[in-house]
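*Asks:* Quick one: this structure, given as structure tokens, is what I'll be asking you about.
Bear in mind these aren't lab numbers, they're just calculated from the coordinates by the rules spelled out. The model shown is predicted, which means the values in this text are computed figures rather than measured ones. Quick reminder, even Gly has a Cβ in these numbers, built from the backbone with ideal geometry, and neighbours come from all protein chains shown.
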Amino acid sequence: MIVIADDITGAAEMAGITFSQGQQVRLVCGGSVCGCGTATYGTTVIATDTRSMSEAEAVAEIHRITSAFTHHTSAIFKKTDSALRGHVVAELSALMEATGYQRAVYLPANPSKGRIIKNGIYYINNVPIHETDFSFDPEFPATTSVMKERFPDAESKGIIMPDAENEEDIQKVIAKYNDGKTLFAGAADLFSALLGHSRETRNTRYTRASNSSSSLILCGSTQSKPLDLGIPIAPMPLEIYDGNEDISLWDTSAYKEKNSLILTMPYTHRTGKEAAVHLRTMMARKTKELVAQHSPDHLIIEGGATAWATLQALGWTQFEIVAQIAPGIVQMSATNGTLVTLKPGSYPWGNLFSSSTNT
């Protein structure tokens, strides 16, 4: 199977689910997909950054990536955001055009996390999505909770958007449309169901963040919550947040205090594409500097756009999955041996952080 995700934390989530089912899986970044031998591997998860691109750029990237494997017979799954962000219709249309799928089922609901579609309306924990914090997303704000209003041209493009309030609903959708001619797209619950949703998962050990090793933690999401770990925090200076590109203004000298550091963005008053690009670029540049200086054993990144920008700046493009800590939180080993943990911005941290971090 080939899985294409529009951000890297979504890709990691899919790889973690596959790994937990005992299947062979690897994650590659979009730029390195050509020639990576997708036909000979069990599951290849391809991370793109199309959610952060313009629509035209996203479509071009989908065509570029699919050109590397369209002559293979592997099934394709398109991972999309469970909060409706991204160029959904444009990317699905491009995939159908490139691969020959006759239609697509788009099911972003994640009932296991309280995210459902009922009567065509998207809810998060019983609250319409446009009434949640996702209404403040800098690039894809939720201005409506009605699926047909959010994606008005989906039906005309052959994209079906069914309801799903529970796992049984998802299974019914799969049974109805799993004919080999339909491209499935959506969130983790749909992907798990397509894999068979086996309850027998791989027993893995993972590494918690602790003060016994060098950890660099990036809180780079608009959904970030404060972390009290006994690790020094270096907030992005207001000058940089407001547009200054001089990263020397960012004081990270506290790294030496406990051989670890948390980078945060404590402000929320800037919105829009330009601001989002600036913020993740500054976070990535500062991280590259700190990695070169301190060579952390463990790099922990919250937020898909931040993770992509950071790993691209570091030049890390292929990863071996090590463990799935919790749904959506995945640990990977970079080719240089650094442990990388990725977490979507809107997901909880699970039990990654042990009590030892507070001592």
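*Asks:* Could you give the size of the charge dipole of region 60-103 about its Cα centre, using +1 on the Cβ of each K and R and -1 on the Cβ of each D and E, expressed in debye and rounded to the nearest 20?
*Replies:* 100 debye
*Asks:* With no solvent and one point on each alpha carbon, what is the Debye value of log10 I(q)/I(0) for the chain at q = 0.07, 0.11, 0.12, 0.14 Å⁻¹?
*Replies:* The calculated log intensity ratios at q = 0.07, 0.11, 0.12, 0.14 Å⁻¹ are -0.28, -0.72, -0.86, -1.19.
*Asks:* With angles folded into 0 to 90 degrees, how steeply does helix 304-314 sit against the dominant principal axis of the chain? Use alpha carbons for both and round to 10.
*Replies:* The angle comes out at about 60 degrees.
*Asks:* Angle check, please: helix 273-294 long axis (alpha carbons) against the longest principal axis of the chain (alpha carbons), in degrees 0 to 90, nearest 10.
*Replies:* 50 degrees
*Asks:* Out of the DSSP beta bridges found with both residues in region 2-195, what percent are antiparallel (nearest 5)? Before the final figure, lay out each step's value.
*Replies:* Working: 9 of 32 bridges.
Taking every DSSP beta bridge within region 2-195, about 30 percent pair in antiparallel fashion.
*Asks:* OK, next. Using only the Cα atoms of region 215-358, construct the convex hull and provide its projected area averaged over every direction, in square nanometres to one decimal. If you can, show how the numbers build up before the last one.
*Replies:* Values: hull surface 32.5 nm².
Averaging across all directions leaves 8.1 nm² for the Cα convex hull.
*Asks:* Please work out how much length the chain gains when fully extended from E155 to A60, using 0.36 nm per residue of separation minus the C-alpha to C-alpha distance, in nm with one decimal.
*Replies:* 32.0 nm
*Asks:* Put a dot 7 Å past each Cα toward the Cβ at K225 and T99; how far apart are the dots in nm?
*Replies:* Here the modelled spin labels are 3.4 nm apart.
*Asks:* Which order, highest average first, do 152-158, 303-309, 168-174 follow once you tally other Cβ atoms within 10 Å for each residue and take the mean per peptide?
*Replies:* Numbers: 152-158: 12.9, 303-309: 28.3, 168-174: 17.3.
Per-residue mean Cβ counts within 10 Å order the peptides as 303-309, 168-174, 152-158.
*Asks:* I'd like the Karplus ³J(HN,Hα) series for region 247-253: coefficients 6.51, -1.76, 1.60, θ = phi - 60°, whole numbers in Hz, and an x wherever there's a Gly or Pro.
*Replies:* 6, 5, 6, 8, 7, 10, 5
*Asks:* Enumerate the lysines that K288 could reach by cross-link, defined here as Cα to Cα under 27 Å, with residues fewer than 8 away along the same chain left out.
*Replies:* Once the sequence-local lysines are set aside, what remains near K288 is K225, K256, K258, K273, K343.
*Asks:* Further question on the same structure: Roughly speaking, what is the stretch gain from S295 to T144, that is 0.36 nm per residue apart minus the C-alpha to C-alpha distance, in nm to one decimal? Present the calculation step by step, with values, prior to reporting the outcome.
*Replies:* Details: separation 151, 0.36 × 151 = 54.36 nm, distance 4.42 nm.
So the chain would gain 49.9 nm between S295 and T144.
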